[in-house]
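The values are calculated or read from the model by the stated rules, or taken from the named source; none is laboratory data. Keep in mind it's a predicted model, so treat the numbers as computed, not measured. Every residue, glycine as well, gets a Cβ built from its backbone with ideal geometry; the counts of neighbours run over all protein chains shown. Each accessible area value is taken on the protein alone, full model and side chains, heavy atoms only, with ligands, DNA and RNA left out. Shrake-Rupley method; radii C 1.70, N 1.55, O 1.52, S 1.80 Å.
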Amino acid sequence: APAPAAPAAPAAEPAAAAPPAVRGEPGLVHLHPVRSGQQVYAQDRDLTLCAAVGAGAEVIADGSIHVYGALRGRALAGAAGMASARIFCREFHAELVAVAGHYKVLEEIPRELLGKPVQIWLEHDKLRIEQLG
């Protein structure tokens, strides 16, 4: 007769979540284009994208988002509620941008910012978008 299976080891209790800076978790670096239908999520950290974010793609970070290429899809920074998160991109064409749940869609974004390098942040519960440089 087969021996009885050993009982499973009890699951370890998860450690209390510390802020990313305290924990020392590096930001997530994504080297390839994010294509339509794809999603990249950086949990408890910043997200750096070294290529374009295509239309229909989604990039999400609990921290800030840095896009060293065109941003055509959706970018959601501060996804866990971090109001100090920011979005930076070299070429702004986003369908939607959000910081800590405050968002703007393409139709609400000033036309003069399209195609420009911008930063996006929250100021007094309002989403601000300003050209860099």
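Before moving on, here are some points about what is shown:
- Pairs meeting the criteria (first residue in segment 30-45 and of a type in the set (Lys, Arg) and assigned to a loop (DSSP other than H, G, I, E, B), second residue surrounded by fewer than 15 Cβ atoms within 10 Å (Cβ to Cβ) and modelled with pLDDT of 95 or more, beta carbons under 9 Å, at least 6 apart or on different chains) are 35/56.
- Among (1) modelled with pLDDT under 95; (2) β-branched (Val, Ile, Thr); (3) surrounded by 17 or more Cβ atoms within 10 Å (Cβ to Cβ) - the single one residue 22 does not satisfy: (3)
- Any hit, segment 121-129, residues being under 12 Å from residue 53 (Cβ atoms) and surrounded by 13 or more Cβ atoms within 10 Å (Cβ to Cβ): no
- Filtered residues of segment 45-91 (kept if open to solvent by less than 10 Å² (accessible area, probe 1.4 Å) and of a type in the set (Gly, Ala, Ser)): 57, 61, 63, 73, 75, 77, 78, 85
- Any hit, segment 61-74, residues being part of a strand (DSSP E or B), modelled with pLDDT of 95 or more, under 12 Å from the mean Cα position of the chain (by Cα) and among the charged types (D, E, K, R): yes
- Count of segment 92-120 residues which are part of a strand (DSSP E or B), surrounded by 13 or more Cβ atoms within 10 Å (Cβ to Cβ) and among the β-branched types (Val, Ile, Thr): 4
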